[in-house]
Structures are given as C-alpha cells and as structure tokens.
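Notes for the one structure printed next.
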Amino acid sequence: MTTSRMPALFLGHGSPMNVLEDNRYTQVWRALGEQLPRPKAIVAVSAHWYTRGTAVTAMEHPKTIHDFGGFPQALFDTQYPAPGSPELAAELQSLLAPVQVIADTSEWGLDHGSWGVLIKMYPQADIPVVQLSIDGTQPAEYHFELGRKLAALRDRGIMIVASGNVVHNLRMVKWLGDTSPYPWAESFNQYVRDHLDYQGEHHPLVNFMQHEGAALSNPTPEHYLPLLYVLGGWDGKEPISVPIDGIEMAALSMLSVQIG
C-alpha cells in the first residue's frame, strides 16, 4: 500500500452457495481479508437492500439475514454475528447530508450480499459493520455522488465494501450443459473493465445503459449500482485493480474491483 487510505472494494458475490464453497472467488476474498490493512469498521453496500429512500443499519447487533430460498440447511444455519456501530451510522447520516438517511434500528441487518463476502474476508466477524441501502428511486448519478462522499471515511480507517454483480440476468442463466458466457454478457463485462479508470464528465459507467448489452446484462439495476459507490470515491490517482473476474452460468459476472 502506497497510501494510508483504506481501500474500497466492489465484490461480485454471485450465488449464496459461495458461503459454503471454497472456489477461486472465495479464495480471493479470503486473501483480500488477509492481505489488506485491517479496517476499524466497514460500510457495506449490498444489492439486496434496495429501498425507497436511503437507510443505514444503526443497531448494536445486526441480524444475519438469509434472504434466499431453496438452498441447503447449512446455509440457513450460518450466522455472521459482526457488531454494528450506531456511532458510525450517525456519522453517515451527517456525511451524506442533505440526503436524508434513515437510521434503521430493528428492521434490516446484514443480508447475504454483505455477510456472504465478509464471512470469507473476516471469518471471525469481529469488525463493526454498518450497511447502507440503495435508493431504487434515484438515478445512477445519485449513487456515484454518494460514493464521492463516502470516500472521506477511508482516510479514517473505514473500508467500503460494495457487493453485487455487473452482469446479473437470472432468467437467462444456464444451469447445465454449455455454460459459456453470452456474447452480450462478455461485451458488457469488458466495457466495465475498460472504463474503470475513466476521468472526465459523463462517466460511461454511470451512463451504463448506453451500452448495447446493458439491458440484457442488467434487467434491473440493483446488482450493478453498488459498483458506483466504489468508483465514485476514486481520486483519479489511486491504483485500480481487478482481483478476480469470470462469468458464471453464462449470465452472472463475478468481476471484482479494488480501489487503492
């Protein structure tokens, strides 16, 4: 690390089964947890807390949310008892003003988009985590701008961990047989990679729907938008790297991005 800033990560989380599996993606997540500076706390942004308005978990002990179905009982039995941080939640409310951020003290917790990757990075669950919701009523630029504001936390030892998938079309996944990526999935995934370090106005990854493969790659935007919370905080000088990439089941990108 050539800078004292805590890195920011976007992790393609894929199937909840990654929690139970040991594969090339989970091995990279584990390595990141071992090799990166240890954060004082984590702000998680997950595709799976998609709301009207913006909220932050503000409880002392966020619950582990099993927001999926049809998986082995062992997955439902898995808990990630990381502490929360009402103090950090209150700081986020101030930092993101004038956006009104609702302090959620009971309803949500950590969903599998966040704990599913953090359990590999920090299996001891001993780092405080707050989760920020994604306001589904707002345009992409809004999420990019929130990322700009969140970047200030990185100078204080707080890591941003956003989680989604830049290509996420469950209706078109191939479960069996030839699972090679669709051309539109490969094209859009490469488009994202090619523009990670874009500098200037009208960022192509904010205006991602202009790509011909965007509508098929993201029939709904919630799995793509977490990336913007990481890219928004890039200072234009920090290194940007891709810890792991790959397209699973033809239509699910596991691309991960590291800032710093």
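The values are calculated or read from the model by the stated rules, or taken from the named source; none is laboratory data. Just so we're clear, the structure is a prediction, and the values are computed from it rather than from any experiment. Cβ coordinates were reconstructed from backbone atoms using ideal geometry, including for glycine residues, and neighbour counts include every protein chain displayed. In case anyone asks, the SASA skips ligands and DNA or RNA and just uses the protein heavy atoms, side chains included. Shrake-Rupley method; radii C 1.70, N 1.55, O 1.52, S 1.80 Å.
The table that follows gives values for the structure above.
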{"quantity": "Among 127-137, 146-156, 238-248, the order from most to least packed when residues are scored by Cβ within 10 Å on average", "calculated": "127-137, 146-156, 238-248"}
{"quantity": "Cα centroid separation - the range 47-99 against the range 123-175, whole Å", "calculated": "11"}
{"quantity": "Ellipticity estimate at 222 nm from DSSP helix runs (n ≥ 4, -39,500 (n - 2.57)) divided over the chain, nearest 500", "calculated": "-7500 deg cm²/dmol"}
{"quantity": "Fluctuation leader among 110, 20, 227 - the chain, Gaussian network, Cα springs under 10 angstrom", "calculated": "20"}
{"quantity": "Surface accessible to a 1.4 Å probe, residue 229 within the full protein complex, Å²", "calculated": "0"}
{"quantity": "Net charge dipole size for the chain [Lys, Arg +1 and Asp, Glu -1 on Cβ; Debye, nearest 20]", "calculated": "300"}
{"quantity": "Whole-percent carbon and sulfur share, accessible surface of the chain, 1.4 Å", "calculated": "52"}
{"quantity": "Among 95, 62, 75 the positive-end extreme of the charge dipole of the range 16-114 (Cβ point charges)", "calculated": "95"}
{"quantity": "Accessible surface, per residue, of the chain when the full set of protein chains is kept, probe 1.4 Å, Å²", "calculated": "43"}
{"quantity": "Most mobile listed residue (16, 226, 183) in the chain, GNM with C-alpha springs under 10 Å", "calculated": "183"}
{"quantity": "The range 1-132 - share of DSSP beta bridges that are antiparallel (%, nearest 5)", "calculated": "10"}
